[in-house]
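Chemist: Let me begin by handing over the structure; questions about it come next.
The values are calculated or read from the model by the stated rules, or taken from the named source; none is laboratory data. Quantities reported herein were computed from a predicted structural model and do not represent experimental measurements. When we count neighbours, we look across all protein chains shown, and the Cβ atoms used for this are built from the backbone with ideal geometry, even at glycine.
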Amino acid sequence: MKTKYIIILISSIFLISASVFSQSSGKAEITVTELLELINSDTKQIILDVRNPDELVGELGHINGVINIPVHELENRLSELNKYKGKELLIICRSGNRSRYATAILNKNGFIAFNVVGGMRAYRKIGK
């Protein structure tokens, strides 16, 4: 049991370090594998899904507990996310394109945001 917690702790430290490195190097992105490791750790992740609401019930579904603000509404709804300033936001969409754009908007406005590369399509390919 101790070994499991040590592995989770080491993985979390590695992922946080990787996230900080990615952010500072201008690459504000994480992989689906990194996302899954964060979700499976004991930390509470803030995931923003920028797809339209009807897509969350479509074939790709959604990740439980996500915040949904469609990308075309994001700039007008930034105030809804102010309570998360200073925390890492993980941004996802269907394929990673809209979330890349949303990540740029958020980072430009003082948030710490990371695009989930490959989006929900990549997330579902891994079997979730």
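Chemist: Just to be sure, is Ile63 modelled with pLDDT under 95 and surrounded by 14 or more Cβ atoms within 10 Å (Cβ to Cβ)?
Modeler: The answer is yes for Ile63.
Chemist: If you check Leu15 against the conditions, is it touching a helix residue (DSSP H, G or I) at 6+ places or on another chain (Cβ under 6 Å), modelled with pLDDT under 95 and among the hydrophobic types (A, V, I, L, M, F, W, C)?
Modeler: Judged against the criteria, Leu15 is a match.
Chemist: Now, a different point. What are the residues in region 48-83 that are β-branched (Val, Ile, Thr), assigned to a helix (DSSP H, G or I) and within 16 Å of the chain's Cα centre (by Cα), if any?
Modeler: Val71
Chemist: Does Gly96 count as surrounded by fewer than 13 Cβ atoms within 10 Å (Cβ to Cβ) and touching a residue at least 12 places away in the same chain (Cβ under 8 Å)?
Modeler: no
Chemist: Can you run down the residue pairs with Cβ atoms below 8 Å, 6 or more apart or on separate chains, where the first is in region 104-128 and in contact (Cβ under 8 Å) with a residue 40 or more places away in the chain and over 18 Å from Ile46 (Cβ atoms) and the partner is of a type in the set (A, V, I, L, M, F, W, C) and assigned to a strand (DSSP E or B)?
Modeler: What qualifies is Ala122/Val116.
Chemist: Ok, one more. Of the residues in region 105-125, how many are under 13 Å from His62 (Cα atoms) and not in a helix (DSSP H, G or I)?
Modeler: Of the residues in region 105-125, 0 are under 13 Å from His62 (Cα atoms) and not in a helix (DSSP H, G or I).
Chemist: If you go through region 87-96 one residue at a time, do you hit one that is part of a helix (DSSP H, G or I) and of a type in the set (D, E, K, R)?
Modeler: No: region 87-96 contains no residue that is part of a helix (DSSP H, G or I) and of a type in the set (D, E, K, R).
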